[in-house]
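The values are calculated or read from the model by the stated rules, or taken from the named source; none is laboratory data. Worth saying up front: this structure is predicted, and the values here are computed from it rather than measured. We place every Cβ from the backbone using ideal geometry, glycine too, and count neighbours over all the protein chains shown.
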């Protein structure tokens with residue numbers, strides 16, 4: 001049999017490794033006599049019938065015992081037109097138990113399972129450690145990160161009710177016959193449509209969700225959201241011979257105006273440069289800085305007699321030891337920061353449970369291995385001279401293994417880090433520019449760090465500093481050029497891609513417009529500085545050395561500090577300007593503006609409001 005996406009839905013063939021993993025309900029394995037037990041099930045939603053009474057939400061909350069700030073099923077809406085030709089489309093949405101569950105593949109702890117029974121995608125909060133990555137990759141807001149418990153929860157298809165021959169609680173509670181449920185290839189007898197999407201529903205091609213829609217009423221050309229998100233839906237298709245076909249709707253950004261009172265035009269947006277992902281800002285930047293710095297050392301050590309850093313290390317071996325321990329300290333802080341970002345950091349070791357599918361698991365494994373190899377190499381290099389009576393193979397061989405291993409694993413860790421952000425549900429990230437800016441950050445920050453440490457050492461030991469900066473200015477210049485090209489290509493992609501990507505572009509060029517321009521000016525300054533150091537003349541070298549030997553270190557330090565601020569602001573923008581694919585919220589539920597208002601006004605102190613402080 002085939003699904004509505006013309007793909008096989010034999011769950012035993014699709015997920016053969018789960019055949020021997022029976023469905024467990026409340027810790028007990030149950031075997032039902034339901035004849036449709038091994039068929040893919042899904043929801044059928046009749047949007048024209050939904051009256052927005054929220055009975056489905058209430059029944060779901062009562063059945064699962066969820067607190068006010070969590071809701072597995074949510075009802076939002078889009079609306080449009082003017083009186084008397086006004087229309088509203090309510091959308092009741094929970095987990096769609098997709099054919100290609102990206103939450104299952106993305107979860108690093110293996111908290112998700114796609115069962116052959118009913119095709120249910122179930123999640124175990126007890127295994128989850130609260131990284132929230134599944135909330136990134138899911139296009140439909142199905143997994144919910146509980147900021148109180150620090151774990152993710154979601155709809156479980158009411159599989160215990162299905163085992164007893166009943167329908168999910170939300171379907172049974174629906175007053176207007178808007179929700180139905182059953183075997184996905186069997187359309188309900190009363191249904192006149194089985195569409196794959198309606199206005200406000202993200203692209204079903206991302207995960208092939210098991211839900212069908214019926215929506216026959218004629219709708220206005222434009223539909224807006226009630227949740228303060230800065231975009232609307234515009235009809236771009238034309239009705240076909242099917243009188244019930246309303247055409248397709250695409251997302252369009254709401255451009256700010258002076259009268260709108262919304263996002264400022266060409267602002268700095270500094271008050272918005274904070275997010276839950278601040279610890280990831282630190283981790284990604286520090287890893288890239290350490291990787292770039294280590295590779296600068298590595299290539300210098302390959303030919304110590306032909307480059308100034310190699311000569312400095314050969315003359316003053318303590319330079320290498322000190323630099324390595326600086327790199328280790330920075331990377332340890334970044335990894336610790338990312339661990340504390342978890343909802344349940346005490347279970348950090350579960351992060352590598354899903355190496356088979358999850359790029360997060362691969363990222364954590366490779367970055368952790370890089371840290372271990374780097375620490376091992378630094379430890380061997382720090383062996384005191386009193387122990388050098390050991391046989392050379394016991395010193396040189398482990399050192400070479402750690403050195404070359406770190407040089408090979410480090411870039412793989414960066415590649416895995418990039419892949420974590422290539423998410424179709426977040427178009428702002430899903431572009432090669434992500435790999436470009438991450439690599440550029442390593443090329444910019446790493447050489448600047450090594451140059452500053454080496455420059456201070458050379459200055460202290462009366463060595464020449466000019467040649468060191470000239471040597472490291474080349475990878476710095478490459479990084480600046482790569483980042484500028486990546487940013488320019490990205491802004492064109494956002495405009496060309498449209499929809500959520502275009503909304504991100506609008507936010508970046510308006511709310512953060514001045515900050516965005518300042519980033520490019522900063523890149524130009526870094527480029528000029530790199531060029532001056534890379535192509536410095538003998539006359540300039542003599543001037544620097546003759547006037548003040550520390551001038552070169554001072555100027556390089558200024559570039560380093562500027563680069564840190566430049567990369568920090570750019571990385572924060574990377575997280576705060578992203579607009580994910582989402583299901584429309586309501587005036588209160590799913591409205592970020594209302595959540596901010598509730599926290600500022602004190603409404604969040606009332607549990608029934610459903611807004612709690614964000615702890616993670």
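Some values worked out for this structure:
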{"read-out": "Restricting region 124-158 to residues that are over 20 Å from the mean Cα position of the chain (by Cα) and under 25 Å from residue 197 (Cα atoms), the residue that is surrounded by the fewest Cβ atoms within 10 Å (Cβ to Cβ)", "value": "156"}
{"read-out": "Test result for residue 49, more than 33 Å from the chain's Cα centre (by Cα), surrounded by fewer than 19 Cβ atoms within 10 Å (Cβ to Cβ), assigned by TED's automatic domain parsing to the domain that holds residue 222 and modelled with pLDDT of 75 or more", "value": "yes"}
{"read-out": "Breaking point among (1) more than 18 Å from the chain's Cα centre (by Cα); (2) outside any helix (DSSP H, G or I), for residue 357", "value": "(1)"}
{"read-out": "When residues of region 452-503 are limited to those that are in contact with a strand residue (DSSP E or B) (Cβ under 9 Å, 6 or more places away or on another chain) and surrounded by fewer than 23 Cβ atoms within 10 Å (Cβ to Cβ), the one modelled with the highest pLDDT", "value": "502"}
{"read-out": "Residue count, region 81-119 (criterion: part of a strand (DSSP E or B) and on the phi > 0 side of the Ramachandran plot)", "value": "1"}
{"read-out": "Positions within region 112-122 being under 19 Å from residue 352 (Cβ atoms) and surrounded by fewer than 24 Cβ atoms within 10 Å (Cβ to Cβ), in sequence order", "value": "113"}
{"read-out": "Residues located in region 127-160, provided they are out of contact with any strand residue (DSSP E or B) (no Cβ under 7 Å at 6 or more places or on another chain) and over 16 Å from residue 66 (Cβ atoms)", "value": "127, 129, 131, 133, 136, 137, 138, 139"}
